[in-house]
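The values are calculated or read from the model by the stated rules, or taken from the named source; none is laboratory data. Quick caveat: nothing in here was measured; it's all calculated off a predicted structure. Heads up, the Cβs are rebuilt from the backbone with ideal geometry, glycines too, and the neighbour counts pull from every protein chain shown.
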Amino acid sequence: SCIIDLATLTGACIIALGNHRAAMIGSNEDLMNEIRQASEQAGEKLWQLPLNKEYQDMIKSDIADIKNLGGRYAGAITAAAFLGEFVSDIPWTHLDIAGTAWLEENRPEMAKGPTGYGVRTLVEFILSRAQKQI
């Protein structure tokens, strides 16, 4: 079992990666490798960002359990770190699709407008997992 979430979570992801790649951040390298392979099959580009203790420390708070804003830097990562606080020990991956969810112009692989970015990757991931169980 695993958790995969897709969200237009941060403008920081758009600043970092533009609208050609979604960010991938998670707690389990094996799961992220599976998702990366699925994204390649689907033709959807991902870029893995780190989720180390240094980033998790950025959402610590003196007055609350955690805070949902880590400060000015590493916004896409600290937002994912906040989500990761609610996952416990289940393998988890977050895809920040903020930059890829909408296109202003047509591309050879995708029409302008809402893209559904990540859905093809999830379908490939599920198909791959299902084939392994047959």
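Laid out as a table, the results:
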quantity	calculated
Counted residues, the range 96-122 - those being touching a helix residue (DSSP H, G or I) at 6+ places or on another chain (Cβ under 7 Å) and not polar (S, T, N, Q)	4
Unmet criterion (only one of (1) under 13 Å from the mean Cα position of the chain (by Cα); (2) on the phi > 0 side of the Ramachandran plot) for Gly71	(1)
Among the candidates Asn68, Asn33, residue that is surrounded by fewer than 18 Cβ atoms within 10 Å (Cβ to Cβ) and in contact with a Phe, Trp or Tyr (Cβ under 9 Å, 6 or more places away or on another chain)	Asn68
Looking only at the range 110-128, and only at residues there that are out of contact with any Asp or Glu (no Cβ under 8 Å at 6 or more places or on another chain) and over 20 Å from Ile35 (Cα atoms), the one that is surrounded by the most Cβ atoms within 10 Å (Cβ to Cβ)	Met110
Considering residues of the range 71-107 that are part of a helix (DSSP H, G or I) and in contact (Cβ under 8 Å) with a residue 24 or more places away in the chain only, the residue surrounded by the most Cβ atoms within 10 Å (Cβ to Cβ)	Ala80
Residue under evaluation Pro91, criteria (1) farther than 20 Å from Thr10 by Cα; (2) out of contact with any helix residue (DSSP H, G or I) (no Cβ under 9 Å at 6 or more places or on another chain), criterion not met	(2)
Filter result for the condition that a residue is at pLDDT 95 or above and out of contact with any strand residue (DSSP E or B) (no Cβ under 6 Å at 6 or more places or on another chain), over Gln48, Gln56, Gln41	Gln41
Residue that is farthest from Gln131 (Cα to Cα) [pool: residues in the range 36-61 that are surrounded by 19 or more Cβ atoms within 10 Å (Cβ to Cβ) and hydroxyl-bearing (Ser, Thr, Tyr)]	Tyr55
Number of positions in the range 36-82 that are farther than 21 Å from Asn19 by Cβ and aliphatic (A, V, I, L, M)	8
